[in-house]
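S.K.: Structure provided below as structure tokens; questions to follow.
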Amino acid sequence: MRATKGGRVRFTLGSIREATTGILSLRSTSRRGGGVALGTVSFRARPGRRAVLRVTLTRKAGAALRRARRLEVRGTVILRDAAGNASIKPFAFTLVAPA
């Protein structure tokens, strides 16, 4: 994935069967002393539709991305349905600085 010059990352969730609310959080992984929180966004997803999420990077995350040019990222999506049942989905990808 590539960040925009404005410091945003576009993330698409596939079709969801029922109406849900959720939180997407991104964090960089680092070999030394943990990582940097990149950003968090909360959202609502309608049933049968894809959800396109735009996460704005924090200033610290933007500086780290400019310095390193690419960051290994771990993310977590927490979905909650109308009954309050939660589903947690972890994922990983490489974030690349804008060209």
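The values are calculated or read from the model by the stated rules, or taken from the named source; none is laboratory data. Just so we're clear, the structure is a prediction, and the values are computed from it rather than from any experiment. Positions of Cβ are generated from backbone atoms using ideal geometry, with glycine treated the same way; all protein chains shown enter the neighbour counts.
S.K.: State all residues of the stretch 24-47 that are surrounded by 14 or more Cβ atoms within 10 Å (Cβ to Cβ) and under 11 Å from the mean Cα position of the chain (by Cα); if no residue qualifies, say none.
M.R.: 24, 25, 26, 27, 28, 37, 38, 39, 40, 41
S.K.: Looking at (1) over 17 Å from the mean Cα position of the chain (by Cα); (2) part of a helix (DSSP H, G or I); (3) charged (D, E, K, R), can you tell me which one residue 60 breaks?
M.R.: The one condition residue 60 does not meet is (1).
S.K.: Would you check if residue 56 is surrounded by 14 or more Cβ atoms within 10 Å (Cβ to Cβ), hydroxyl-bearing (Ser, Thr, Tyr) and in contact (Cβ under 8 Å) with a residue 12 or more places away in the chain?
M.R.: Considered against the rule, which asks whether it is surrounded by 14 or more Cβ atoms within 10 Å (Cβ to Cβ), hydroxyl-bearing (Ser, Thr, Tyr) and in contact (Cβ under 8 Å) with a residue 12 or more places away in the chain, residue 56 comes out as yes.
S.K.: Could you list, in sequence order, all residues of the stretch 1-29 that are farther than 17 Å from residue 78 by Cα and in contact with a helix residue (DSSP H, G or I) (Cβ under 9 Å, 6 or more places away or on another chain)?
M.R.: If the condition is that a residue be farther than 17 Å from residue 78 by Cα and in contact with a helix residue (DSSP H, G or I) (Cβ under 9 Å, 6 or more places away or on another chain), then 3, 7, 28 are the ones that fit.
S.K.: If residue 18 satisfies every condition in (1) outside any strand (DSSP E or B); (2) without any contact (Cβ under 8 Å) to a residue 40 or more places away in the chain but one, which is the exception?
M.R.: The number of the failed condition is (2).
S.K.: Further, regarding this structure: Which of (1) surrounded by 12 or more Cβ atoms within 10 Å (Cβ to Cβ); (2) at pLDDT below 95; (3) of a type in the set (A, V, I, L, M) is the odd one out, the single condition residue 99 does not satisfy?
M.R.: (1)
S.K.: In the stretch 72-85, which residue that is hydrophobic (A, V, I, L, M, F, W, C) and out of contact with any Gly (no Cβ under 9 Å at 6 or more places or on another chain) is surrounded by the most Cβ atoms within 10 Å (Cβ to Cβ)?
M.R.: 82
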